[in-house]
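The values are calculated or read from the model by the stated rules, or taken from the named source; none is laboratory data. Everything quoted here is computed from the prediction, not taken from an experiment. Methodologically, a virtual Cβ is constructed for each residue, glycine included, from the backbone with ideal geometry; neighbour enumeration extends over all protein chains shown.
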Amino acid sequence: MITTLIKDYEFETIIGLLEFERTNSQKVRISVEFQSSDFIDYVEVINYIEFIYNEYKFKTVENSLEVCAKSLKDKFSSLTSLKMEILKTEILNNALVGARFEDKY
């Protein structure tokens, strides 16, 4: 089976618990790996992920991954596995911080 990869896609969104994170967009980096029983256009996946993040304005990266993964599975029902990682690139000067999600359907 072939795995589709989206690596290091960057965009700005509202995400975080701190006061300044609720009012100022920050850059995040998303990587996704998925397998599917049918063709899924990775550009459509990228656009949908960015839409979800900008719509929900999540407070935690962990919750963002849970909601995004569920939404992706609902929209692309042929998904058979999904790995997704989000990194905040600007919160610390000397590190990237984030979380990773993984599931098989």
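List of remarks:
- Scan of segment 90-100 for residues that are surrounded by fewer than 18 Cβ atoms within 10 Å (Cβ to Cβ), modelled with pLDDT of 95 or more and either under 18 Å from residue 64 (Cα atoms) or touching a Leu at 6+ places or on another chain (Cβ under 6 Å) (or both), ordered by number: 96, 97, 99, 100
- Hits in segment 58-88 (condition: assigned to a loop (DSSP other than H, G, I, E, B) and surrounded by 16 or more Cβ atoms within 10 Å (Cβ to Cβ)): 58, 76
- Flag if residue 32 is closer than 14 Å to residue 83 by Cβ and not in a helix (DSSP H, G or I): yes
- Residue satisfying all of: in segment 37-57; touching a strand residue (DSSP E or B) at 6+ places or on another chain (Cβ under 8 Å) and crowded, with 16+ Cβ neighbours inside 10 Å; farthest from residue 89 (Cα to Cα) among these: 40
Here's the yes/no breakdown for (1) polar (S, T, N, Q); (2) touching a residue at least 60 places away in the same chain (Cβ under 8 Å); (3) assigned to a strand (DSSP E or B); (4) touching a helix residue (DSSP H, G or I) at 6+ places or on another chain (Cβ under 7 Å):
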| residue | (1), (2), (3), (4) |
| --- | --- |
| 9 | no, no, yes, yes |
| 43 | no, no, no, no |
| 49 | no, no, no, yes |
| 52 | no, no, no, yes |
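- Restricting attention to segment 19-29 and to residues that are charged (D, E, K, R) and in a helix (DSSP H, G or I), the residue that is surrounded by the most Cβ atoms within 10 Å (Cβ to Cβ) turns out to be 21.
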